[in-house]
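Before any comments, here is the structure.
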Amino acid sequence: MLKRVLVANRGEIALRIIRACRDEGLTAVAVYSDVDRLAPHVRAADAAVAIGAPPPAESYLDIRKLVAAAQATGCDAIHPGYGFLSERAAFAEACGEAGLTFVGPPAAAIRAMGDKTEARRRMQAAGVPVVPGTAAPLRDAADARREAKRIGYPVLVKALAGGGGKGMRRVAGEAEVESAFQAARSEAQKAFGDGGVYVEKYLERPRHIEIQVLADRHGRVVALGERECSIQRRHQKLIEEAPSPVVSPALRRRLSEAATAAAGAVGYLGAGTIEFLLTPGGQFHFLEMNTRIQVEHPVTELVYGVDLVREQLRIAGGKSMRIHPGLLHPRGHAIECRITAEDPFNDFLPAAGVLHYLGVPTGPGVRWDAGVEAGSDVTLFYDPLLAKLIAWGESRDMAIERMRRALCELVIVGLPTSQPFHLRVMDDPEFRKGELDTTYLERAGSRLLAAAPAPGIERAIAVAAAMLADQQRTVPKSVDGRSPARPPARPSDWESAARREALRD
Ligand code: ADP
């Protein structure tokens, strides 16, 4: 039985885990880097531990500091969230050695799925169809040329360690092999500290379809349907939905069988996701397994009526999952838009700055999972994800209408975000018809992002926010020479930054 959980993450997923801990009757301890000291996840937790400087290597990626923080605060478990250390087998092992429960699968399962060629071998042995490709890492460019020829162009050179679409190069013909091999290798080395690459057949216009699985210590493995994540930019997901507009109950059954076989083959435990590519001809191929909770898990939660993070905690504590396979049918439709601090009208350039004002959408069928609030200072140290907006409706059309409504209600002032991009996708006839594949954005991008909207309303709100801040500044800082009882709840530079923004040009 778990009692106290260290949440080894930040942003929206840290808050999501803290809430699940509360719902499950557990206490939660947050960790924070210097720039996150006033972040919402820090205030939401029962206790919080400073873990160092903002660069992830000095804080959120430092295994030693995280284990020490858990021990110092009397935690009995660590939840890694996604990203950071969530798929590092060494972290799961370090937790075990320190007598802490790792909320995730055994280190051996992380390791088996973390190396993409090893995962492909294991899946083939378990009878799961994989994308045609090499069974082992490439030795050199000549090896790449030989394998690409055998597989047939076009091919994709991919990183063994993989993640976030990094270290991936499409190769149309032999002339490009050598440069793609070198480029993928150096990108993989930089991103993952492992330059190993392999080759896969490049599938034309596939859909990205993934299956959520849960496995407990009582030998049960269940699949909770699919998510369609075909709307991607540079192989990174932007919008996800459940169920997929094209997956029939029969196909769902076949995908689920393959996914549970995949999880079973590596002795999986907890929540995991098996990713597949579905070809226009209806064939599916294993792509990879993510051995952690996914960013897009809420769409599954809304259509299956489960709380995946609570189930993770239950399973880690040795309890059986509260899921009954016979009752598993999707109800309605859910869509998630990732609201990121990126400028869609400037090639999705990451943005930093103070979030002066935030108007959050609410109402029926709308969920807002955020890691920020008005006054938050968004830096470039971490992933640009600010929040996830999720909408549910009885049908896909209704979910889209709700998402449109929610996106219109959402007001973010202070820095550019992906919000206007999402609104345009919701209005796009191709998206509305469900005619999706992973090249959707390549084709639709210029149409969707043709003209930037006028900034009028945002500027007006920025000025109003700055005036409000000014007003607050006129409140006496001390009474009768004594200091005010409470320190300001916001970062100290909030007001001046708001003023600067409002008074600029
Ligand atoms: P990462 O681990 O970096 O996320 P994945 O293997 O999960 O990489 O692939 C991410 C995305 O890249 C997929 O959703 C798909 O859009 C594209 N992709 C990957 N492999 C292929 C392939 N063999 N053919 C076509 N597209 C692919």
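The values are calculated or read from the model by the stated rules, or taken from the named source; none is laboratory data. Since we're looking at a predicted model, the values are computed, not measured. So basically every Cβ, Gly included, is an ideal-geometry build from the backbone, and we count neighbours across all protein chains shown. What goes into the accessible areas is simple: the full protein's heavy atoms, side chains included, and nothing from ligands, DNA or RNA. Shrake-Rupley method; radii C 1.70, N 1.55, O 1.52, S 1.80 Å.
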**Message:** Exactly one condition in (1) more than 25 Å from the chain's Cα centre (by Cα); (2) free of Cβ contacts under 8 Å to residues at least 24 places away in the same chain is false for GLU174; which is it?
**Reply:** (2)
**Prompt:** What pairs can you find where one residue is in the range 146-158 and under 9 Å from GLY133 (Cα atoms) and not assigned by TED's automatic domain parsing to the domain that holds GLU288, the other is among the small types (Gly, Ala, Ser) and within 12 Å of the ligand (Cβ to nearest atom), and their Cβ atoms are less than 7 Å apart, with a gap of 6+ or different chains?
**Reply:** ILE151/GLY133
**Message:** Just the residues that are among the acidic types (Asp, Glu) and within 17 Å of LEU386 (Cα to Cα), please, taken from the range 12-47.
**Reply:** GLU12, ASP36
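Table: residues versus (1) assigned by TED's automatic domain parsing to the domain that holds HIS235; (2) more than 14 Å from the chain's Cα centre (by Cα); (3) crowded, with 24+ Cβ neighbours inside 10 Å.
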{"site": "HIS285", "(1), (2), (3)": "yes, yes, no"}
{"site": "GLU288", "(1), (2), (3)": "yes, yes, no"}
{"site": "VAL295", "(1), (2), (3)": "yes, no, no"}
{"site": "THR300", "(1), (2), (3)": "yes, no, yes"}
{"site": "LEU313", "(1), (2), (3)": "yes, yes, yes"}
{"site": "GLY318", "(1), (2), (3)": "yes, yes, no"}
{"site": "PRO330", "(1), (2), (3)": "yes, yes, no"}
{"site": "ASP347", "(1), (2), (3)": "yes, yes, no"}
**Item:** Single residue of the range 157-171 satisfying the filter (within 11 Å of the ligand (Cβ to nearest atom) and over 23 Å from the mean Cα position of the chain (by Cα)) that is surrounded by the fewest Cβ atoms within 10 Å (Cβ to Cβ)
**Value:** ARG170
**Message:** Can you confirm whether ASP369 is on the phi < 0 side of the Ramachandran plot, touching a Gly at 6+ places or on another chain (Cβ under 8 Å) and buried (at least 19 other Cβ atoms within 10 Å of the Cβ)?
**Reply:** no
**Request:** Tell me which residues, restricted to the range 376-395, are open to solvent by 30 Å² or more (accessible area, probe 1.4 Å) and either free of Cβ contacts under 8 Å to residues at least 60 places away in the same chain or part of a helix (DSSP H, G or I) (or both).
**Result:** LEU380, PRO384
**Message:** Condition check: within 30 Å of TYR60 (Cβ to Cβ), open to solvent by less than 60 Å² (accessible area, probe 1.4 Å) and among the aromatic types (Phe, Trp, Tyr). Does TYR440 satisfy that?
**Reply:** no
**Request:** Scan the range 239-277 residue by residue and report those that are open to solvent by less than 20 Å² (accessible area, probe 1.4 Å) and either touching a His at 6+ places or on another chain (Cβ under 8 Å) or charged (D, E, K, R) (or both).
**Result:** ILE239, GLU240, GLU241, ALA242, ALA271, GLU275, PHE276
**Prompt:** Considering only residues of the range 104-116 that are outside any loop (DSSP other than H, G, I, E, B) and within 16 Å of the ligand (Cβ to nearest atom), which is surrounded by the fewest Cβ atoms within 10 Å (Cβ to Cβ)?
**Reply:** ARG111
**Within the range 397-422, considering residues that are more than 16 Å from TRP368 (Cα to Cα) and within 22 Å of the chain's Cα centre (by Cα), the one most open to solvent (accessible area, probe 1.4 Å)** = PRO416
**Prompt:** Any idea which residue in the range 187-200 is nearest to the ligand (Cβ to nearest atom), counting only those that are crowded, with 17+ Cβ neighbours inside 10 Å and not small (Gly, Ala, Ser)?
**Reply:** GLU200
